[in-house]
Amino acid sequence: MDTLTALESLFLLRLPKLELSLCEGAFLPPKLQSFFINYVSIKVPPIIEWGLQRLTALSELSIGGDDDVVHTLLTERMLPISLVSLTITHLTEMKCIDRNGLRHLSSLEKLEFEYCLGLESLAEVVLPSSLKTLKFNHCPRLESLPEDRLPSSLKLLRIDRCPVLEARYEYESGKHWSNIVHIPIIEINGKVTI
């Protein structure tokens with residue numbers, strides 16, 4: 001795949017039986033800008049050998065469907081600092097994100113969590129100071145955000161179908177509303193507060 005030097009986007013979705021025989025360090029095309037991988041079972045080589053951190057053009061990544069892969073990516077800081085948009089999706093067992101797993105992503109502007117059914121807390125996460133958009137969709141157990149560490153660059157917070165989090169930040173009557181009120185645009189289940 002690394003011979004596909006002009007390839008800029010790659011989508012690998014719902015391929016549970018995909019088997020790739022890959023040489024070390026020769027998995028991803030070098031000019032890849034967008035990479036979407038969800039519900040793909042790739043065992044060889046392990047993710048630590050994919051060379052994601054060497055993809056200096058990679059700006060958009062959506063990854064999910066495998067809690068172990070996402071956990072490894074975040075705890076080992078294997079994501080390239082060129083990322084502008086990161087979507088973490090379809091996790092079932094992961095309850096929290098590593099405290100410093102996202103901190104090094106100095107270009108990250110958009111962070112989304114979708115269908116993370118086991119995710120309970122982001123209270124300890126250190127978010128990059130470049131972050132402008134933070135979105136949560138279908139994270140039913142998510143209870144808290146890193147309220148005291150939300151970056152001043154944050155312009156939009158969107159929460160959809162996250163009942164525990166919604167109750168926490170219910171407009172004006174929510175106990176913790178004052179902790180997020182400084183964010184210019186807050187959208188909770190389609191209701192926008194500016």
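Out of L91, L61, report the one residue that is surrounded by 15 or more Cβ atoms within 10 Å (Cβ to Cβ), in contact with a Cys (Cβ under 6 Å, 6 or more places away or on another chain) and under 18 Å from L134 (Cα atoms). Break it down stepwise before answering.
Details: L61 fails: in contact with a Cys (Cβ under 6 Å, 6 or more places away or on another chain).
On inspection, the qualifying residue turns out to be L91.
If a residue has to be in a loop (DSSP other than H, G, I, E, B) and buried (at least 21 other Cβ atoms within 10 Å of the Cβ) to count, how many in the stretch 111-124 make the cut?
First, the residues of the stretch 111-124 that are in a loop (DSSP other than H, G, I, E, B): 115-120, 122-124.
Now restrict to residues that are buried (at least 21 other Cβ atoms within 10 Å of the Cβ): 116, 119, 122.
Selection size over the stretch 111-124: 3.
Go through the stretch 144-182 residue by residue and tally those that are in a loop (DSSP other than H, G, I, E, B), touching a Lys or Arg at 6+ places or on another chain (Cβ under 7 Å) and of a type in the set (A, V, I, L, M, F, W, C).
1
Filter the stretch 90-110 down to residues that are modelled with pLDDT of 95 or more and part of a strand (DSSP E or B), then give me how many there are.
Adding up the residues that qualify gives 1.
Among all residue pairs at least 6 apart or on different chains, which show Cβ distances below 8 Å where the first residue, located in the stretch 50-77, is farther than 18 Å from G118 by Cα and the second is assigned to a loop (DSSP other than H, G, I, E, B) and of a type in the set (V, I, T)?
So the pair list comes out as S59/V84; E60/V84.
When you check L157 against the structure, is it over 22 Å from W177 (Cα atoms), among the aliphatic types (A, V, I, L, M) and surrounded by 15 or more Cβ atoms within 10 Å (Cβ to Cβ), yes or no?
Details: over 22 Å from W177 (Cα atoms): no; among the aliphatic types (A, V, I, L, M): yes; surrounded by 15 or more Cβ atoms within 10 Å (Cβ to Cβ): yes.
It is false that L157 is over 22 Å from W177 (Cα atoms), among the aliphatic types (A, V, I, L, M) and surrounded by 15 or more Cβ atoms within 10 Å (Cβ to Cβ).
What's the number of the only condition in (1) within 17 Å of L127 (Cβ to Cβ); (2) modelled with pLDDT of 85 or more; (3) outside any helix (DSSP H, G or I) that K31 fails to meet?
(1)
Scan the stretch 165-181 and tell me whether some residue there is within 28 Å of A57 (Cβ to Cβ) and surrounded by fewer than 19 Cβ atoms within 10 Å (Cβ to Cβ). Full working, then the answer.
Filtering the stretch 165-181 down to residues within 28 Å of A57 (Cβ to Cβ) leaves none.
The answer is no; no qualifying residue exists.
The values are calculated or read from the model by the stated rules, or taken from the named source; none is laboratory data. Keep in mind it's a predicted model, so treat the numbers as computed, not measured. Cβ coordinates were reconstructed from backbone atoms using ideal geometry, including for glycine residues, and neighbour counts include every protein chain displayed.
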